[in-house]
1. At a Förster radius of 30 Å, what calculated FRET efficiency corresponds to the Cβ-Cβ distance of Gln23 and Lys132, to the nearest 0.05?
2. Among Met52, Met121, Met77, which one shows the highest mean-square fluctuation when the chain is modelled as a Gaussian network with alpha-carbon springs under 10 Å?
3. In the chain, which longest range has no trypsin sites (Lys or Arg not before Pro) that are both DSSP loop (not H, G, I, E or B) and surrounded by at most 10 other Cβ atoms within 10 Å?
4. Taking the Cα atoms of the range 89-147, what is the range of coordinates along each of the three principal axes, in descending order and whole Å?
5. Run lengths n ≥ 4 of DSSP H only: what is the helix-derived mean residue ellipticity at 222 nm for the chain, with -39500 (n - 2.57) per run over all residues, to the nearest 500?
6. Amide H neighbours of Asn79 under 5 Å, at least 5 residues apart or on other chains, H built in the peptide plane: list them.
7. Quote the relative contact order of the chain in percent (integer), defining contacts as alpha-carbon pairs under 8 Å separated by 6+ residues.
8. Nearest 10 degrees is fine. How inclined is helix 3-21 to the longest principal axis of the chain, computing both from alpha carbons?
Amino acid sequence: MDRSCFSLITAFLLLAAPAVSAQMPHIELSAGFYRIEAEVAANDPHRAQGLMHRRSMPSNHGMLFVFPQAARHCMWMRNTYLPLSVAFLDEEGRILNIENMQPETEDNHCAAKAARFALEMNLGWFSSKGIKPGARIGGTEKSPGPQ
């Protein structure tokens, strides 16, 4: 292998490494007998990025936001191209309220009470499964701690 090719490969690997390490962890959650594959946004950069700039999300996939403290957290849809439903969850993973959010809007969608988590899914996912406030999302206790 010539030196220029080796240098090019090394540069590519160095540039690709931060992107791989920046990937969000995944966790399996459940809502009744429905399985959810969720990315976990547990630190400030991941919570700020959320699902921005994505064009699609597979069925039964979502994003779990883990907040450092329970509070009346709010979400918005700046630079988010997917219509989403967000369920705000208490410390035990019980749904406090569910809000529907339209793409590329800056309306605030807030927890009805102090929430420790928020779970974003494709628009209408919760209602299509008959999942309502008071239901418990299983597996939140296994999520990485907030940073």
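Taken together, the values in this text are just the output of simple stated rules run on the coordinates, not laboratory data. Because the structure is predicted, anything quoted here is derived from the model rather than measured. Cβ sites come from the backbone with ideal geometry, for glycine too, and all protein chains shown count toward neighbours.
1. Values: r = 32 Å, r/R0 = 1.07.
The value I calculate is 0.40.
2. Of the options given, Met52 has the highest mean-square fluctuation.
3. Details: sites that count: Arg55, Arg78.
The reported range is 79-147.
4. 30, 29, 19
5. Details: 3 runs with 29 residues, N = 147.
Calculated from helices alone, the mean residue ellipticity at 222 nm is -5500 deg cm²/dmol.
6. When sequence neighbours closer than 5 places are left aside, the close amide H contacts are Glu104.
7. 26 percent
8. Long axis of 3-21 versus the principal axis of the chain: about 10 degrees.
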